[in-house]
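Student: Before anything else, here's the structure in question.
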Amino acid sequence: MTQPPSASASPARRPFAAKYAHPGWGVGLTAFGALAVIAGLSAIPAAVRHDPDANPTGSIILGLVLTAVGIYFLRGRGVNPAKAQQAAAAAQRRAALVTESVDQAAAALAAAPAGGAALVAYRNLESTVTKFYGMNAPARLEWELSRIEFDTETIAAQQFGYVPSLAGGNVEIFPGWVVFGQEAHNVDATTRGVVHTDGAIQVSSAVVTDRKSRERVVSQQHDLRRAQLQLTSSTWSLSTPIHPDHVNHARAILARLAAQVESLAEAPVTRSDIREILESLVNNDGQPAAQKIRQLNNLRYERLLTDEEFKRVKDKILGLDAE
């Protein structure tokens, strides 16, 4: 009985076809061949007029040969195993790079302390996943967050605002932290913010003579203003140049930050007070869960709750601790 061909047997080659396909060479040679044929056909009228420079036959023959060789490469069967192996190895290296990059970003987020550092780490993970997964990035990001059990509510703070820096990026100011690129600092009772300004807009005048010898006075403005945004605390400091036109906007944001800092400096709340507040919050059946969680967030922003306490009380509000 005739045995079927084994899986490793090479498929039969088609007539007039290379052993392996070479799309690049095939397309290129076919295109050049077609152009040569067209050039040869275009030269026929000149040859009929006995133009010595016209050589349609040579161009047409060259074009047909190039086209035939191009088709020969295009009709090749299968892919060169060496190239396929190289492509597979490159794909494996890329997959390993993707996995390593995402794992590192996720691990950094899992290890990040609460507050601004967690926000920066979250953005880094989101950026990494978006870079490698494209349209599938949201689902992959959600899976990574679930894997490391990260609660996005811990970074869901409403921003006071941001100030563009002349050094690049924005200084983002939140009730509980300040973020500037990869730099993050938590706000406490010692945090202060100020905008320093210097210089002025100077106007100079010069007499200019045109082609008709007419003179006129031209004024030019020279903006010599400088502005610096500075934020300090007992444990950190941040300073960056900003555009002078953004000074009023920056000071308005710093005023909101100052009010937040002032509230942190008020008389300390005891643990007994916190327990009473939490019990009242959990047992208030007439209040929507979303509103309760917002109030819970405020307590965490004011450093009255740890992340673990926040998660535990949030689960009680949502009924997730029933088991």
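Student: Could you tell me which numbered condition R94 fails, if it satisfies all but one of (1) modelled with pLDDT of 85 or more; (2) closer than 30 Å to F16 by Cα; (3) of a type outside the set (S, T, N, Q)?
Tutor: It is condition (2) that R94 fails.
Student: Looking at A36, is it within 30 Å of S146 (Cα to Cα), modelled with pLDDT of 80 or more and in a helix (DSSP H, G or I)?
Tutor: The answer is no for A36.
Student: Look at S234 and say whether it is exposed (fewer than 14 other Cβ atoms within 10 Å of the Cβ), of a type outside the set (D, E) and closer than 15 Å to T190 by Cα.
Tutor: Answer is yes for this residue.
Student: Further question on the same structure: Determine whether segment 95-114 contains at least one residue that is free of Cβ contacts under 8 Å to residues at least 40 places away in the same chain, of a type in the set (G, A, S) and not in a helix (DSSP H, G or I).
Tutor: yes
Student: Would you be able to tell me the number of residues in segment 45-59 that are part of a helix (DSSP H, G or I) and surrounded by 15 or more Cβ atoms within 10 Å (Cβ to Cβ)?
Tutor: Qualifying residue count, segment 45-59: 3.
Student: How many residues, within segment 111-162, are in contact with a strand residue (DSSP E or B) (Cβ under 9 Å, 6 or more places away or on another chain) and aromatic (F, W, Y)?
Tutor: The number of residues fulfilling the criteria is 2.
Student: Taking segment 50-81, which residues are more than 26 Å from A31 (Cβ to Cβ) and either charged (D, E, K, R) or under 39 Å from the mean Cα position of the chain (by Cα) (or both)?
Tutor: Once the filter is applied, which keeps residues that are more than 26 Å from A31 (Cβ to Cβ) and either charged (D, E, K, R) or under 39 Å from the mean Cα position of the chain (by Cα) (or both), segment 50-81 yields D51, P81.
Student: In segment 187-217, how many are without any contact (Cβ under 8 Å) to a residue 24 or more places away in the chain, surrounded by 10 or more Cβ atoms within 10 Å (Cβ to Cβ) and not in a strand (DSSP E or B)?
Tutor: Adding up the residues that qualify gives 0.
Student: Still on this model: Can you tell me which residue in segment 160-178 is farthest from P244 (Cα to Cα), limited to those that are out of contact with any Lys or Arg (no Cβ under 9 Å at 6 or more places or on another chain) and of a type in the set (A, V, I, L, M, F, W, C)?
Tutor: W177
The values are calculated or read from the model by the stated rules, or taken from the named source; none is laboratory data. These figures come from a predicted structure and were not determined experimentally. Ideal geometry is used to build each Cβ from the backbone, glycine not excepted, and the neighbour counts take in all protein chains shown.
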